[in-house]
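> Attaching a single structure in structure tokens format; questions to follow.
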């Protein structure tokens, strides 16, 4: 059964073992990779009409990154949030978040999270993994909690591969698998510090 799930997981990410994927750009989520041009998946008009400045705040550079939700022909997720460089003519993708809703069913979210975690551990056996369970810092205290496993694929850098179960009072409970470039992590750090 474990081998079957490992095979499913590898297909789930369209992951090539030959690349070993210590570089996050070598992993695909629903056929999309960090570093791709968003123009491969949307027209420029669609991007301009559907973009959201999810991270916008009072800092002048907060609208340098936008997000768009992708739902076309997905096999493993209900939606994928694609974060991209808005001022880049190629709209380069710098972050991906795949979501599966677990409304009022956190036990199954944790179960799926553990399955993915164990399979990732077998692939990335020499990578530091951090875990935490706490209030989400981007929301009022107590409104959103998460249980997160973070893989530090590049030593000395912030996590760029995370599996989170998110429990929220006024939002959908969900599983999130996220991949972030080092550039995106550094931008987020500057934005919130």
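The values are calculated or read from the model by the stated rules, or taken from the named source; none is laboratory data. Note that the structure is a prediction, hence the values are computed from the model and not measured. We place every Cβ from the backbone using ideal geometry, glycine too, and count neighbours over all the protein chains shown.
> With the requirement that a residue be crowded, with 18+ Cβ neighbours inside 10 Å and in a loop (DSSP other than H, G, I, E, B), what does region 89-133 give you?
Those that are crowded, with 18+ Cβ neighbours inside 10 Å and in a loop (DSSP other than H, G, I, E, B): 91, 102.
> Determine whether residue 47 is in contact with a strand residue (DSSP E or B) (Cβ under 6 Å, 6 or more places away or on another chain) and either at pLDDT 95 or above or over 17 Å from residue 118 (Cα atoms) (or both). Steps first, please.
Working: in contact with a strand residue (DSSP E or B) (Cβ under 6 Å, 6 or more places away or on another chain): no; either at pLDDT 95 or above or over 17 Å from residue 118 (Cα atoms) (or both): yes.
No: the conditions fail for residue 47.
> Taking only region 37-55 into account, find how many residues are closer than 18 Å to residue 183 by Cβ and surrounded by fewer than 16 Cβ atoms within 10 Å (Cβ to Cβ).
Number satisfying all stated conditions: 3.
> Name every residue in region 43-61 that is within 22 Å of the chain's Cα centre (by Cα), without any contact (Cβ under 8 Å) to a residue 40 or more places away in the chain and either under 11 Å from residue 82 (Cβ atoms) or in a loop (DSSP other than H, G, I, E, B) (or both), in order of residue number.
50, 51, 52, 53, 54, 56
> Six or more apart or on different chains, Cβ atoms under 7 Å: show the pairs whose first residue is in region 71-91 and within 15 Å of residue 177 (Cα to Cα) and whose second is part of a loop (DSSP other than H, G, I, E, B).
Filtered contacts from region 71-91: 74/30; 75/30; 76/30; 77/30; 79/71; 80/30; 80/74.
> For region 153-161, state whether one or more residues are in a loop (DSSP other than H, G, I, E, B), farther than 18 Å from residue 121 by Cβ and either touching a residue at least 12 places away in the same chain (Cβ under 8 Å) or touching a helix residue (DSSP H, G or I) at 6+ places or on another chain (Cβ under 9 Å) (or both).
Looking through region 153-161, at least one residue is in a loop (DSSP other than H, G, I, E, B), farther than 18 Å from residue 121 by Cβ and either touching a residue at least 12 places away in the same chain (Cβ under 8 Å) or touching a helix residue (DSSP H, G or I) at 6+ places or on another chain (Cβ under 9 Å) (or both).
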